[in-house]
Amino acid sequence: MTEIQEDIGMEPSIGRHSVGRRRFLGYLIGGTTVVAAAELGLLSGQVAAKIPSAPQVFDAYDLSDLLTHAAQPTSGLITVTINEDGTASFALPRAEVGQGITTAAAMIIAEELDLPLKKIDVTLAPARPELVWNQITGGSNTIHAMYTPIRVAAAVAKKALLEAAAAQLDGAVDELETRDGVITDALGNSLTYGELAAQAASPDTKAVEVGLKDEAKFTLLGKPTNRIDALDAVTGKKVYTTDLDVKDALPTMLCRAPTLNGKPKKVLNAAEVKAMPGVTHVAMVPTGVAVRARTFGQCIDGVRALRVDWEDGPVAGESDQDILSGVKAAELPMPSLPNTPIAKTIAYDFTFWFRSNSPMDTNSAIADVRSDRAEIWSGLKNPIVTQQQIALELGLTPDKVKVNVMQAGGSFGRRLFFDGAMEAAQVSKAMGVPVKLMWHRSDDARVGRAHPLATSRVRAMHAAGEVLAFQQSHTAVEMDLRHGFGEIVTALAADLPAGLGNLGYAQTIFTLTSGIPYDFGVLTQTLNETDTRFNTGAMRNVYSPDVRTANELVVDQLAKAMGKDPLAFRLAFCRNERVRGVLKKAREVAQWGKPMPAGTAQGVAVHVEYKGASACVVEIDCRPETVGRKVRDAVTGPRVMKATMVTDVGQVINPRGVEAQMQGAINDGIAMTLTSSLHLVDGHFEEASWDNYFYTRQWNTPPEIEVVIMDSAEPPGGVGEAGVAPTAAAVACAYARAVGKVPTEFPINHRDPLAFEPKPRTPPIPPSPTDGLRWTY
């Protein structure tokens, strides 16, 4: 137990090898086949005591704790079912958006049940309001929160099968052996799980005490494993929302205002558009004018033909600089740090421009709204809130709105919001028919969820070889947390560590995700938000990429001022042993400090979050011949030539999945620092397609990426976002060292002339592509 845990009354973390020695309570659910669930009580004792003033709240209780804490009371409602064909079924109460959690869940069940992976069927659960806070996908929390509940449910099912087999084979349970879905006794007699499924079923729900499989006997968990959906993905068999064939749900798209969040007042030519080929309906909804047609191409033609009288949006006439000025005006005063011959203060002000989540799968939803009920299909990370809000909009009770969760092609925070599903419901109600609504790519960029524009001011004071104080004041356009996170904060306010319950939603999430892993004297981090006029959301890794980039740049400047190597300086001041471990490994693997040509440099940064720690070392090339390289219709600039990511995420379920997540996180971090942002001009974002938004492309991604996963005895932590912040920060630090000047605006190219010709705002979307092999949107 750490001193912090002792001080606040927390139980010690469950180590990797201690879980298997504990006994857990689960349930056999009454039914005709084996259905088993876990029972994990609310760990209220973990957060009841006072947190010491020296450590940060983040050190003892973070966002992972908050989300797990919220999920625990309903963990007993998550079940594993054994079917009569010998397979196991599991309806995952989380969203698969490409991160691989269906594979991880299947691996956990297969391991605990001793079943082949191919016999595990993982589907996505529809909205289940009885789960309360246990159906939110976010905060890199799925495996951290669900690892033990899934194992316990599988263990309860296995125990029921063993007891049924013992009765049928006239033997003792401890004399039986399980392998590949078959139970065998000492005489060689065997029964399959399928043969036992009905007999093992319990007519009534009852409590069952079980032990978990000894982790030393694991044969699947921890082994690199291909995704269970990989073949379907590469052969086009994966089913996304727009692939569904729901009866009478025809393609539908929206015509939107020429200014952000403008509203339609009147359609001037509805009859003319309804008479166009394929068009069946035209209807006005709060966010635009919907066109329903036989094909999406006909929808595009209809949208482009519409003439609408619009009400200007709330930021009409404003541009980037106007919003930045407003944010700067909201900056809170910072305590003054002295600058004397003995004590020196380093001060930097940073700006982070608007950014887009930019998932590959555009926003889409199917809705079939009737007078007394409704059904929705969409890729959703919080289907319960979706169900509640759509029911409220339609004037129905939530039980009359069925919300089906579909797999989605990417999210990065975007699918915590349900704008598309809400619009589909509104359109279906207005038209009186089912609709298959799809946002155009320009809609995603122009009116989708943007990561808020922010400033971050950092002040650090040092003297006599010590850092005496480190202050950070982060100010931003408001981040919308009305997708479940804010509600969780409200629901658990009384149980949160002292002081957190008195903060607002955003300030609480900021406090639980932002920490400084160094002994820098008095640590102060604050958040102030302003300007509620934008559609915003938590882009991958929430506040951390901006916060850590600002922090780590100043850490480098502290090291320089004190005559220290950047990595050695971090090791000297590090107060987190897991951070120390990944830093040392990164130093070794990346060959930190090796000679680099002029105009190139290494950069290092660390991040601790999601019950883990990561260190990233990059090598960047800022030489003129690299910066000025020509790629057709592309943004080039400085290039990261090599990225080394060392991560400690606790016990690893699937190393191949962790590696893939880190590779994606590296490219996200590079984009945030070097190339990707939205440009607000006259009340509207100029970017209107994938080819306008400069995420990391082939010509900017590092030719060499190495991911090192540390062995760890800690429980599984979060993976999905863990690599973004250290990469963004490492790239910024490397750039500063290569060019000899600290960058203060991100991405660094935001003020460059636009590298594309902005698409018109009226009509709001480009024409239907006639040469799809050459032009895509």
* Complete set of residues in segment 109-130 that are more than 21 Å from the chain's Cα centre (by Cα) and among the aliphatic types (A, V, I, L, M) -> ILE109, ALA110, LEU113, LEU115, LEU117, ILE120
* To do: Please tell me if MET406 is over 27 Å from ASN667 (Cβ atoms) and either in contact (Cβ under 8 Å) with a residue 24 or more places away in the chain or not aromatic (Phe, Trp, Tyr) (or both).
  => no
* To do: Test each condition in (1) assigned by the TED database to the domain that holds ALA476; (2) surrounded by 20 or more Cβ atoms within 10 Å (Cβ to Cβ); (3) among the small types (Gly, Ala, Ser) for ALA347 and report the one that comes out false.
  => (2)
* Under 8 Å by Cβ, and 6 or more places apart or on different chains, what pairs join a residue from segment 688-700 that is within 11 Å of ARG441 (Cα to Cα) with one that is of a type in the set (Asp, Glu) and surrounded by fewer than 19 Cβ atoms within 10 Å (Cβ to Cβ)? -> ASP691/ASP633
* To do: Test SER140 against the criterion of being assigned by the TED database to the domain that holds THR178 and either assigned to a helix (DSSP H, G or I) or more than 22 Å from ALA408 (Cα to Cα) (or both), and give yes or no.
  => no
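Just to confirm my filter: which helices (runs of 4 or more DSSP H) fall fully inside segment 521-593 and include at least 1 residues that are within 27 Å of ALA330 (Cα to Cα) and touching a residue at least 40 places away in the same chain (Cβ under 8 Å)? Can you show your working first?
Numbers: elements: 544-561, 566-573, 577-589.
Fully inside segment 521-593 and qualifying: 544-561.
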* Six or more apart or on different chains, Cβ under 9 Å: which pairs go from a residue in segment 25-40 that's under 9 Å from GLY76 (Cβ atoms) to one that's in a strand (DSSP E or B) and aromatic (Phe, Trp, Tyr)? Could you list them? => ALA37/TYR27; ALA38/PHE24; ALA38/TYR27; GLU39/PHE24; GLU39/TYR27; LEU40/PHE24
* Mind listing whichever residues of segment 266-294 are over 15 Å from ILE765 (Cβ atoms) and within 37 Å of the chain's Cα centre (by Cα)? => HIS281, VAL282, ALA283, MET284, VAL285, PRO286, ARG292, ARG294
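Collect the residues in segment 514-535 that are of a type in the set (S, T, N, Q) and buried (at least 24 other Cβ atoms within 10 Å of the Cβ), keeping them in residue-number order. Outline the logic, then answer.
Step one: of segment 514-535, the residues of a type in the set (S, T, N, Q) are 514, 524-526, 528, 530, 532, 535.
If the condition is that a residue be of a type in the set (S, T, N, Q) and buried (at least 24 other Cβ atoms within 10 Å of the Cβ), then SER514 is the only one that fits.
If you go through segment 656-676 one residue at a time, do you hit one that is in a loop (DSSP other than H, G, I, E, B) and not hydroxyl-bearing (Ser, Thr, Tyr)? Outline the logic, then answer.
Residues of segment 656-676 that are in a loop (DSSP other than H, G, I, E, B), as a first pass: 675-676.
Retained after the next criterion (residues that are not hydroxyl-bearing (Ser, Thr, Tyr)): none.
Checking segment 656-676: not a single residue is in a loop (DSSP other than H, G, I, E, B) and not hydroxyl-bearing (Ser, Thr, Tyr).
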* Asked: Which condition number in (1) at pLDDT below 95; (2) farther than 28 Å from GLY650 by Cα is the one that ASN141 fails?
  -> (2)
* If you take just the strands (runs of 3 or more DSSP E) that sit entirely in segment 361-459, which of them hold at least 2 residues that are under 21 Å from the mean Cα position of the chain (by Cα)? -> 364-369, 374-378, 401-405
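Would you point out which residue out of ALA157, ALA165, ALA186 is assigned to a loop (DSSP other than H, G, I, E, B), touching a helix residue (DSSP H, G or I) at 6+ places or on another chain (Cβ under 7 Å), not assigned by the TED database to the domain that holds GLN661 and not β-branched (Val, Ile, Thr)? It would help to see each step written out before you state the result.
Details: ALA157 fails: assigned to a loop (DSSP other than H, G, I, E, B); ALA165 fails: assigned to a loop (DSSP other than H, G, I, E, B).
Exactly one of ALA157, ALA165, ALA186 is assigned to a loop (DSSP other than H, G, I, E, B), touching a helix residue (DSSP H, G or I) at 6+ places or on another chain (Cβ under 7 Å), not assigned by the TED database to the domain that holds GLN661 and not β-branched (Val, Ile, Thr), namely ALA186.
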* **Selection status of GLY657, more than 28 Å from ARG629 (Cα to Cα), surrounded by 21 or more Cβ atoms within 10 Å (Cβ to Cβ) and over 21 Å from the mean Cα position of the chain (by Cα)** => no
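Yes or no: THR295 of a type in the set (Ser, Thr, Tyr), within 29 Å of ILE390 (Cβ to Cβ) and buried (at least 19 other Cβ atoms within 10 Å of the Cβ)?
On the way: of a type in the set (Ser, Thr, Tyr): yes; within 29 Å of ILE390 (Cβ to Cβ): yes; buried (at least 19 other Cβ atoms within 10 Å of the Cβ): no.
In short, no.
Just a yes or no: is a residue in segment 622-634 hydrophobic (A, V, I, L, M, F, W, C), within 30 Å of PRO224 (Cα to Cα) and outside the structural domain of GLY138 (by the TED database)? Lay out the reasoning, then the answer.
First, the residues of segment 622-634 that are hydrophobic (A, V, I, L, M, F, W, C): 622, 627, 631, 634.
When the remaining residues are screened for being within 30 Å of PRO224 (Cα to Cα), the result is none.
Within segment 622-634, none of the residues are hydrophobic (A, V, I, L, M, F, W, C), within 30 Å of PRO224 (Cα to Cα) and outside the structural domain of GLY138 (by the TED database).
Every residue, every condition in (1) assigned to a helix (DSSP H, G or I); (2) surrounded by 17 or more Cβ atoms within 10 Å (Cβ to Cβ); (3) in contact with a helix residue (DSSP H, G or I) (Cβ under 6 Å, 6 or more places away or on another chain); (4) modelled with pLDDT of 95 or more, yes or no:
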site	(1), (2), (3), (4)
ASN700	no, yes, no, yes
VAL707	no, yes, yes, yes
VAL731	yes, yes, yes, yes
ALA738	yes, yes, no, yes
THR770	no, no, no, no
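If the requirement is being touching a Gly at 6+ places or on another chain (Cβ under 6 Å), on the phi < 0 side of the Ramachandran plot and assigned by the TED database to the domain that holds GLU609, which of these qualifies: VAL739, VAL724?
None of the other options fit; the residue is VAL724.
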* Asked: Of the residues that sit in segment 199-214 and are modelled with pLDDT under 95 and outside any strand (DSSP E or B), which one is surrounded by the most Cβ atoms within 10 Å (Cβ to Cβ)?
  -> ALA200
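The values are calculated or read from the model by the stated rules, or taken from the named source; none is laboratory data. Here the structure is a predicted model, which means the values were calculated and not measured. Cβ: placed from backbone, ideal geometry, glycine included. Neighbour counts: every protein chain shown.
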